[in-house]
Amino acid sequence: MSCYKCEEVCPASIPIVTAVIEPLKAKAAAHVPGMAKHAHALRAVVAARGIVDPSALILRVRGLAALRDLPRAIRLLLRGKIDPIKTLFRRKTAASAAAARWLRKEDA
């Protein structure tokens, strides 16, 4: 929902993330400030990598406290939901430059 790939490939050029999803997330963060940390972390991860990296997102939101839930982390790793190697090396996708541009434009 926040990688902007749908906008990139949409044949009708519908800005669903830019015009709908991101403004709704911003309103929610304004009304529930405690949730803003997650929204800001999500934006930072997407701008940096071009995808939602669950490992990086969890670390940004919860910090090293996320390691306390080691059984859950192991389950996510075994299911292929997280990839610590990609997170550690901060590999970018082809969409990272576009996502960073869109997010900078919204912040202006």
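The set of residues in segment 6-34 being open to solvent by 80 Å² or more (accessible area, probe 1.4 Å) and within 18 Å of residue 104 (Cβ to Cβ) consists of 8 alone. If I ask for residues that are open to solvent by 40 Å² or more (accessible area, probe 1.4 Å) and not hydrophobic (A, V, I, L, M, F, W, C), which ones from segment 47-78 would you list? The answer is 54, 60, 62, 68, 69, 71, 72, 75.
Checked against the criterion of being at pLDDT below 80, more than 10 Å from the chain's Cα centre (by Cα), surrounded by fewer than 17 Cβ atoms within 10 Å (Cβ to Cβ) and not in a helix (DSSP H, G or I), the candidates 37, 81 yield just one match: 81.
For segment 35-47, does any single residue satisfy the condition of being touching a residue at least 12 places away in the same chain (Cβ under 8 Å) and on the phi > 0 side of the Ramachandran plot? There is no residue in segment 35-47 that is touching a residue at least 12 places away in the same chain (Cβ under 8 Å) and on the phi > 0 side of the Ramachandran plot. Restricting the first member to segment 94-108 and to residues that are farther than 8 Å from residue 47 by Cβ and among the acidic types (Asp, Glu), and the second to residues that are at pLDDT 75 or above and open to solvent by 20 Å² or more (accessible area, probe 1.4 Å), the beta-carbon pairs closer than 9 Å and six or more apart or on different chains are 106/18; 106/23; 106/26; 106/43; 107/43. Considering 99, 94, the condition of being open to solvent by less than 90 Å² (accessible area, probe 1.4 Å) and either of a type in the set (A, V, I, L, M) or on the phi < 0 side of the Ramachandran plot (or both) is satisfied by 99 alone. Does residue 93 satisfy the criteria of being β-branched (Val, Ile, Thr) and closer than 15 Å to residue 5 by Cα? Yes; evaluated as a whole, the condition is true for this residue.
The values are calculated or read from the model by the stated rules, or taken from the named source; none is laboratory data. Not measured: the values here are computed from a predicted model. Cβ atoms come from the backbone with ideal geometry, glycine included; neighbour counts cover every protein chain shown. What goes into the accessible areas is simple: the full protein's heavy atoms, side chains included, and nothing from ligands, DNA or RNA. Shrake-Rupley method; radii C 1.70, N 1.55, O 1.52, S 1.80 Å.
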